[in-house]
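The values are calculated or read from the model by the stated rules, or taken from the named source; none is laboratory data. Just so it is clear, the model here is predicted, and its values are computed rather than measured. Don't worry about glycine lacking a Cβ; one is built from the backbone with ideal geometry, like all the others, and counts go over all protein chains shown.
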Amino acid sequence: MRLDSLKPLSLACAVAAGTLVTSVQAAEEYKLGLVTFLSGAASGPFGIPAKNAADLVIDAINDGTLPAPISGKGIDGRQIKPIYVDEAGGATKQTAEYRNLVDREGVDSIVGYISSGDCLAIPPVAEELKTLTVLFDCGTPRVFEEGDYKYVFRSHSTASMDNIAAARYINETVDSLKSISGINQNYSWGHDSWRDFTETLKVLRSGDIEITTEQFPKLFAGQYGAEISALMVKPADVVHTSFWGGDTDALVLQAAARGLLEDNQMIFTAGETALNSLGEHLPDGVIIGARGPFGPFAPESELNTWFQSEFTKRFGTPPTYPAYHMAQAVIGLKLAYDKAGADATTEQVIDAFEYMEFEGPGGKVSMNRGKGHQAATEMVYGRLTRSNGEIGFTDVRRYAADCVNPPEGAITEEWIKAGMPGAKCD
Amino acid sequence: MTQLLAIIIDGVVYASWLFIIAAGLTLIYGVMRILNMAHGSFYAIGAYAGAGMVGWYFSTGSVPWLSFAVLIGAALIAGLFIGLLIERGLLRFMYGRNEVVMILVTYAILLILEDAIKLIWGVEPYFAYQPYSLLGRTKLAGLSFANYDFMLIVVSTLIGLALWYGLNRTRNGKLLRVVIHDREIAQALGINVSRIFTITFLIGAGLGALAGALTAPGLSVVPGIGIEVIVLAFAVVVIGGLGSVSGALVGALIVGLARAAAVHLYPEVELFVIYAVMGLVLAIRPQGLFAVASARKI
């Protein structure tokens, strides 16, 4: 046989062998689509910390080094292969990207979405493509209040929790509270946050609360001089803000330079992300929230200690709440697979995930809202204080999940206006 | 009374900030007939360069007051460098093209620079807050104002005066005005239009970068920072009249005062009022307040 005639045969064997190796590798991999902001204004404070958390937790799951009781390597015995997609670009682009992840990349499931707009757009597509999807950071309560989804889960509480708890906190801790004012971003997040906060206060105080001014600057406006003046011209006992990310940073810097933070009691419902970078500008007494029991408010546990120390060691900065949210979502997904057992179908994993309770780095997560698809956690607020220059918190109050989250089947706004029936706050 | 004072001060401070951004944009359009979408990138590059260098400067423990020079110097160097690169490396090959084509070209530059910024500075926020608090604050009628914001009024006034003097009282300014009026006649008279274009683009890029640097101390510098301001800057120059520096000044004042009044009196229309003013001006004077209507060449 001539050497030349062997070439096509060799080539065919090589291709066949390569295909075999590839398919074996593919079978051993668990392809996880991860969607988070990798560009744009939300990437720095949210998207990248979340990606870092995903990298850290996925590596630990693949190596089997997550603290007990989480055990086993990978998901369903398969090594997780993350496939990242940039969330920037809006809901239309994201639905196309979602289809790409499922149809072209062949992902087993998807964890993602910070923007509430994306969280409302993705679930119908997830249902159509029958792909297990865990929403990891968005706040809108409308996802499961207006929809009923089989393949979609959300592993953290809605933003309503932040603002109901904020209202309870100031009602309990601010002496002779008479008036409030607010500065919130001019889109659904800001308006919903302000509505939940003010409506809860009205219920708690039987309407005895005055709103001096409510400011709604554009998202990412960056310049808040006029709004700060307006808050000063019409002072209130408490100033509420649900600003997040870079807008929080800008507000803190500009308000601190003008003395607003010293002269007024402010509550930042999502202010925890500013602690590491701008803590020195926040005066003692300012009230801080972390959209759940995260960061400085995370309960002590082996998992939290591991997460805090490994994250800080690897990325040079402590994890903020978007990182906790991502870790919670990926861990929840793994635990649902573990609970479903080896070689479980997607439907079996969904059955396992529904109404599951698990321990994340931020403590107990109960998937007991939205027909078992929406998580509820406790919420924590505290007042910033300093000891030897180190930031700490005083007057820390923890609100049980059933105290600050609407019960199963309730519409948040209606539940608050009805006087929050069934809330268990003891 | 306190509210009126607050509206005036807030409005003028905001107008100063807007004018510094819009001056470069309108200057480039006036001379080169390029509606420069990449102006937002110059702003972002100035903010990143200034914030990065100020952060480094304070880490060395040097004299705090010199940080202002570092902030402005770093931004100007970065802005002039990138401006020169874009003008000499790309735009000069496209002069004379349709204005719409130039919008698309500069939009492409904006997208490229957005990614370049991420490659150079990453996506983590940068802070340069020290200069903002360094100047302290002043109390007027019971309200505290950051002295840094008053400094913005001074800087924008100086920029306005420098541009007015440069355009109206210097030989180069007169040459530039000739180019503004008629590029072909200017060329026929022996004026080096290409050189004037380069200088104009550099001044515009420098002003954009300077605006970014002066803004950086009051916020965290993050990706996308330049996109947010470019729409506002366009509103200002459209109100004032494309290509008119004095128009940009008046446009900035109108937008600044209208926005401040809305924030204090009717916060719910804060965003709407800017574009309502723009719509009103365009309905009455489609060419803007200060632009001279000209017959279209056929």
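Applying the selection to the stretch A:233-247, what residues are buried (at least 23 other Cβ atoms within 10 Å of the Cβ), part of a helix (DSSP H, G or I) and in contact with a helix residue (DSSP H, G or I) (Cβ under 7 Å, 6 or more places away or on another chain)? Hits for the stretch A:233-247 are A:GLY245, A:GLY246. Going by the conditions given, is A:THR346 closer than 21 Å to A:GLY292 by Cα and modelled with pLDDT under 95? In short, no.
Based on this model, can you work out whether B:GLY11 counts as crowded, with 24+ Cβ neighbours inside 10 Å, modelled with pLDDT of 95 or more and not acidic (Asp, Glu)? Spelling it out, B:GLY11 is indeed crowded, with 24+ Cβ neighbours inside 10 Å, modelled with pLDDT of 95 or more and not acidic (Asp, Glu). Residues in the stretch B:182-192 that are surrounded by fewer than 19 Cβ atoms within 10 Å (Cβ to Cβ) and part of a helix (DSSP H, G or I): B:GLU184, B:ILE185, B:GLN187, B:ALA188. Looking across the stretch A:163-213, the residues that are charged (D, E, K, R), part of a helix (DSSP H, G or I) and without any contact (Cβ under 8 Å) to a residue 60 or more places away in the chain come down to A:ASP192, A:LYS202. When the stretch A:316-346 is filtered for residues that are over 19 Å from the mean Cα position of the chain (by Cα) and on the phi < 0 side of the Ramachandran plot, the ones remaining, listed by number, are A:TYR337, A:ASP338, A:LYS339, A:ALA340, A:ALA342, A:ALA344, A:THR345, A:THR346.
Scanning the stretch B:138-181 for residues that are within 14 Å of chain A (Cβ to nearest Cβ) and either over 30 Å from A:LEU260 (Cβ atoms) or surrounded by fewer than 18 Cβ atoms within 10 Å (Cβ to Cβ) (or both) yields B:THR138, B:LYS139, B:LEU140, B:ALA141, B:GLY142, B:ASN147, B:PHE150, B:MET151, B:ILE153. For the condition surrounded by 23 or more Cβ atoms within 10 Å (Cβ to Cβ), more than 14 Å from chain A (Cβ to nearest Cβ) and not hydrophobic (A, V, I, L, M, F, W, C), B:GLY256 does not qualify. Of all residues in the stretch A:116-139 being within 15 Å of the chain's Cα centre (by Cα), buried (at least 22 other Cβ atoms within 10 Å of the Cβ) and of a type outside the set (D, E, K, R), which is nearest to A:ARG99 (Cα to Cα)? Here the answer is A:THR133. Scan the stretch B:103-116 for residues that are facing chain A (nearest Cβ under 10 Å) and in contact (Cβ under 8 Å) with a residue 24 or more places away in the chain and jot them down. If the condition is that a residue be facing chain A (nearest Cβ under 10 Å) and in contact (Cβ under 8 Å) with a residue 24 or more places away in the chain, then B:GLU114 is the only one that fits. When you look at A:ALA226, is it among the aliphatic types (A, V, I, L, M) and either part of a strand (DSSP E or B) or within 11 Å of chain B (Cβ to nearest Cβ) (or both), yes or no? When the stated conditions are applied, A:ALA226 passes them. Residues in the stretch A:277-290 that are part of a loop (DSSP other than H, G, I, E, B) and within 14 Å of chain B (Cβ to nearest Cβ): A:LEU282, A:PRO283.
Mind telling me which of the residues A:ALA50, A:ALA27, A:ALA54 ends up being modelled with pLDDT of 85 or more and more than 14 Å from chain B (Cβ to nearest Cβ)?
Residue meeting the stated conditions: A:ALA54.
Just to be sure before I move on: is A:ILE209 more than 7 Å from chain B (Cβ to nearest Cβ) and surrounded by fewer than 24 Cβ atoms within 10 Å (Cβ to Cβ) in the structure I sent? Yes: the conditions hold for A:ILE209. For B:PHE201, the criteria (1) modelled with pLDDT of 90 or more; (2) farther than 21 Å from B:LEU84 by Cβ; (3) surrounded by 19 or more Cβ atoms within 10 Å (Cβ to Cβ) hold in every case but one, which is (2).
Scanning the stretch A:248-276 for residues being under 19 Å from A:GLY389 (Cβ atoms), surrounded by fewer than 21 Cβ atoms within 10 Å (Cβ to Cβ) and within 10 Å of chain B (Cβ to nearest Cβ) gives a total of 1.
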